[in-house]
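The numbers here are math on the coordinates, done by the rules we state, and not lab data. What you are looking at is a predicted structure, and each value in this text was computed from that prediction instead of being measured. Neighbour counts run over all protein chains shown; Cβ positions are idealised from the backbone, glycine included.
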């Protein structure tokens, strides 16, 4: 294993610290969208100048709630939350709107990855990784493809997202066949690596759910990692495997 800093010890959900823990690993860095803390106008301006768009979300948020998607086109700025989008004529007016909504809640700003689509809708992959105490190693025990609901950019079930199987997702994907090849394998490898790192940060924790995005170029990126993922929506085979390890 490569030389690295001493693992960060984390006790609770903190998306920014989780990013900091992972970004120090060279093999994982290419799969992490640039992430900064929401700390006022100048930080927002810099991030939006550096990237085509941003995802601004609560540092301790759950279930895709209160997430803002920001994009820019020439001198126009767009902010979408759920299925509603607002248009602003300046970066300052977009910032002012967001700042009023965010108030004193701790938020992070994440480089927005413009993802591949299934039937014209964004999709991602939720991968379950668990520690096998008998084999003394982490292993992937389940995965599911999630497609966003109508007009939405998030895939969570509470926001109208649907689960589709791998073959259906690829059949209706915007990815060409050359980019589909090895996609699931890459998603599993990146998820497994992230769980190995998070397992050192959260002592005694044995299960993580990694949300993997897929760029239009077929590259896999980590949107975020869940410490207590639900197993609803996984196939019966995967649910049984997940529960089997949970009992060990």
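How big is the Kirkwood radius of segment 35-111, worked out from every pair of different alpha carbons and given in Å to one decimal?
Numbers: mean 1/r = 0.0811 Å⁻¹.
Radius from the Kirkwood sum: 12.3 Å.
Fewest to most neighbouring Cβ within 10 Å: what's the order for 150, 171, 57? Walk me through the numbers on the way to the answer.
Working: 150 8, 171 12, 57 23.
Result, fewest neighbours first: 150, 171, 57.
Would you kindly give the portion of the calculated P(r) for segment 136-248 that falls above 22 Å, as a percent of all Cα pairs?
Values: 2215 of 6328 pairs.
Roughly 35 percent, rounded to a whole number.
Rank the residues 168, 196 as a footprinting-exposure proxy: fewest other Cβ atoms within 10 Å of their Cβ go first. Each step should come with its number before you reach the end.
Working: 168 14, 196 17.
The most exposed by this proxy come first: 168, 196.
Could you please tell me the mean projected area of the C-alpha convex hull for segment 175-223, averaged over all directions and given in square nanometres to one decimal? Provide the component values of the computation, followed by the final result.
Values: hull surface 13.5 nm².
Spelled out: convex hull of the Cα atoms, projected over all directions, averaged, 3.4 nm².
With everything on Cα atoms, drop me the angle between helix 183-201 and the longest principal axis of the chain, reported from 0 to 90° to the nearest 10.
In the chain, helix 183-201 runs at an angle near 90 degrees to the longest axis.
Working from Cα positions, state the angle (0 to 90°, nearest 10) between the long axis of helix 236-246 and the longest principal axis of the chain.
Orientation of helix 236-246: about 80 degrees from the principal axis.
What order do you get for 141, 87 when you list them from fewest to most C-beta neighbours inside 10 Å? Each step should come with its number before you reach the end.
On the way: 141 23, 87 11.
Neighbour counts put them in this order, fewest first: 87, 141.
Suppose we take every Cα in the chain and form the convex hull; what volume per residue is that in Å³? Walk me through the intermediate numbers first.
Values: hull volume 33.4 nm³, N = 248.
Measuring per residue, one finds 135 Å³ for the Cα hull of the chain.
What FRET efficiency would be calculated for the residue pair residue 132, residue 12, taking the C-beta separation as r and a Förster radius of 35 Å, to the nearest 0.05? All intermediate terms of the calculation are to be shown ahead of the outcome.
On the way: r = 25 Å, r/R0 = 0.72.
Efficiency computed from Cβ-Cβ geometry: 0.90.
Quick check: the angle from helix 41-50's long axis to the longest principal axis of the chain, C-alpha only, nearest 10 degrees?
70
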